[in-house]
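Trainee: Have a look at this one.
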Amino acid sequence: MSCPPQSFLANDILLHIKEIIGPKGLFMLNLVCRDETLRTAAIEDLQKVFPAVCSYKLDEDINEVVYCANDEKYKTVEQWRKHFGTAGRGLNNAVKDNKLASEDALDVADFLSELKI
């Protein structure tokens, strides 16, 4: 595993992160791992601490963004998609409203289709 360092996924560290983000926070982790056994173990460690975990695998990379929350409302991938969809559409509207770009910053449909638990 290239990222994060193994010690970052220690139970006591994850418990501190859980406390810091509180009931409404979101913890995002960049997971870089070629070994499926290590990847599975990392996800299981996160799931032991956080009640809601989902991930997004980047297409051209070995990077995977893992999202962790304390809020039970994110127990299913459909709930993650609903909330991320709203946020993604809001981001795209803000980019266009502020004339930062003429195209969407995020392909919301593609992003949502790749979310998994």
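The values are calculated or read from the model by the stated rules, or taken from the named source; none is laboratory data. On a predicted model such as this, the values are computed, not experimentally measured, just so you know. Methodologically, a virtual Cβ is constructed for each residue, glycine included, from the backbone with ideal geometry; neighbour enumeration extends over all protein chains shown. What goes into the accessible areas is simple: the full protein's heavy atoms, side chains included, and nothing from ligands, DNA or RNA. Shrake-Rupley method; radii C 1.70, N 1.55, O 1.52, S 1.80 Å.
Trainee: Is it true that some residue in the range 68-88 is modelled with pLDDT of 85 or more and assigned to a helix (DSSP H, G or I)?
Mentor: No; the residues of the range 68-88 include none that is modelled with pLDDT of 85 or more and assigned to a helix (DSSP H, G or I).
Trainee: Can you pull out the residues in the range 31-57 that are open to solvent by 60 Å² or more (accessible area, probe 1.4 Å) and either basic (Lys, Arg) or not in a helix (DSSP H, G or I) (or both)?
Mentor: Answer for the range 31-57, where residues must be open to solvent by 60 Å² or more (accessible area, probe 1.4 Å) and either basic (Lys, Arg) or not in a helix (DSSP H, G or I) (or both): ARG34, ASP35, LYS48, LYS57.
Trainee: Count, please, the residues in the range 74-117 that happen to be of a type in the set (D, E, K, R) and in contact (Cβ under 8 Å) with a residue 12 or more places away in the chain.
Mentor: 6
Trainee: Which one is nearest to VAL66 (Cα to Cα), of the residues in the range 1-25 that are surrounded by 14 or more Cβ atoms within 10 Å (Cβ to Cβ), at pLDDT below 90 and of a type in the set (A, V, I, L, M, F, W, C)?
Mentor: Looking at residues that are surrounded by 14 or more Cβ atoms within 10 Å (Cβ to Cβ), at pLDDT below 90 and of a type in the set (A, V, I, L, M, F, W, C), I get LEU9.
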